[in-house]
Amino acid sequence: MTLRDAVALLRETGDFTAIQEAIPYARFMGITAELVDDEVIGRMRYSDHLVGNASVPALHGGTLGALMESTAIFKLLWHGETTAVPKTINITVEYLRGAGPEDVLARATFTRHGRRVANVRVFAYQDDPERPVAVATAHFLLVQE
Amino acid sequence: MSDPFLSQKDEIRKRLEGRYVGAVPHNQALNLRVVDYRPEHLSLALPYREDLVGNPETGVLHGGCITSLIDATCGGAVIMSLVAPRRIATLDLRIDYVRPALPHQEVICDAHCYKVTRHVAFVRASAHHGDKASPIATSSGTFVVFRDEGPRSEEGAST
């Protein structure tokens with residue numbers, strides 16, 4: 001299934017499985033998403049190859065950035081009006097505390113969802129949503145040329 | 001006059017390849033490769049792979065693995081600017097995608113740790129396909145440097 005077909009299917013069913021299947025990197029990272037009370041929740045399933053420091057152990061900072069960027073894109077695809085995939089203009093990731101060897105969840109909020117550009121804030125957490133391990137702010141270009 | 005860096009260059013490469021790239025599971029999973037290094041500077045390459053693609057319609061690598069490449073390279077540049085080995089952790093990292101990446105090409109990140117204070121290191125980086133004058137992404141990051149010796153990290157955040 002093409003990514004566009006997967007996006008169209010998501011809009012009909014609210015199921016992110018086809019999106020994850022269509023994105024090789026999401027499969028490699030174990031990144032997926034689901035709708036919980038109509039909110040998009042991203043998840044990165046723990047795997048040994050996501051570790052950045054084996055002696056702690058702690059997840060690699062880049063993997064947290066990947067989950068948060070993906071969650072923002074998943075949310076934009078769910079709420080978007082076209083099947084075009086948003087392009088990341090920039091992302092700032094802030095690391096707040098170490099992320100242990102377990103699943104990471106992420107929740108995104110639109111600070112501004114314009115026609116051309118969206119500003120998205122993302123929180124990544126493990127056991128307690130009130131204690132995020134990392135947060136991110138990202139801008140996405142929504143129009144396709 | 002002998003240059004202490006040149007006299008230790010091979011030893012430093014071994015340490016970068018062994019402890020920094022090789023001993024970090026996610027850097028290993030991405031097959032990151034040491035391209036170049038000198039005091040305050042590090043360049044790492046992320047080889048192109050189909051399973052790292054973000055959009056199968058374009059064949060371009062996902063931004064997430066570029067983030068991991070830039071984070072790893074910036075952290076390594078901090079290590080290249082420290083006299084003694086220290087535990088470090090990323091505080092923040094900003095990445096601007098200034099032009100689309102091309103499919104089927106490896107991405108190289110050049111990072112420069114341009115200032116280290118007692119507790120904080122500042123890094124600038126850019127990612128490109130081999131032509132430094134034509135970056136795909138530019139980046140800046142800050143890292144905390146732990147002056148106390150501990151059993152923890154060279155990579156990733158910690159409490």
Loop-resident sites, segment B:1-80, for GluC sites (Glu not before Pro), counting at most 15 other Cβ within 10 Å (DSSP) | B:GLU57
Picking from A:SER47, A:SER55, A:SER70, which is most flexible by a Gaussian network model of chain A using Cα springs under 10 Å?
-> A:SER55
Average beta-carbon neighbours from other chains, 10 Å sphere, peptide B:25-38 | 3
Mean per-residue count of partner chain Cβ within 10 Å for B:88-99 equals 6
With springs only between Cα atoms under 10 Å apart, run a GNM on chain B and tell me which of B:ALA23, B:ALA127, B:ALA89 wobbles the most.
-> B:ALA23
Does chain B classify as rounded, prolate or oblate by the C-alpha gyration tensor (a ≥ b ≥ c root eigenvalues; a/c under 1.5 gives rounded; else a/b over b/c gives prolate, otherwise oblate)?
-> prolate
Return the single residue from A:PHE16, A:PHE110, A:PHE74 with maximal mean-square fluctuation; model: Gaussian network over chain A, springs between Cα atoms under 10 Å.
-> A:PHE110
Around A:ASP127: net Lys/Arg minus Asp/Glu count, Cβ-Cβ under 12 Å | -2
By how many degrees, 0 to 90 and rounded to 10, does the Cα axis of helix A:61-79 deviate from the longest principal axis of chain A?
-> 30 degrees
Placing +1 at every Lys and Arg Cβ and -1 at every Asp and Glu Cβ, with all other atoms neutral, what dipole size does chain A have around its Cα centre, in debye to the nearest 20?
-> 540 debye
Longest principal axis of chain B (C-alpha) makes with the long axis of helix B:63-79 (C-alpha) an angle, in degrees to the nearest 10, of 20 degrees
Toy charge model, Lys and Arg Cβ at +1, Asp and Glu Cβ at -1: the protein assembly as shown dipole around Cα centroid in debye, rounded to 20, equals 900 debye
Mean-position separation - Cα centroids, segment A:1-56 and segment A:69-145, in angstrom | 13 Å
Could you give the dipole magnitude of chain B about its Cα centre, charging the beta-carbon of Lys and Arg +1 and that of Asp and Glu -1, in debye to the nearest 20?
-> 460 debye
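Quick note: the coordinates plus some simple rules give every number you see, no bench work behind them. Values in this document were obtained by computation on a predicted structure and should not be read as measured data. Don't worry about glycine lacking a Cβ; one is built from the backbone with ideal geometry, like all the others, and counts go over all protein chains shown.
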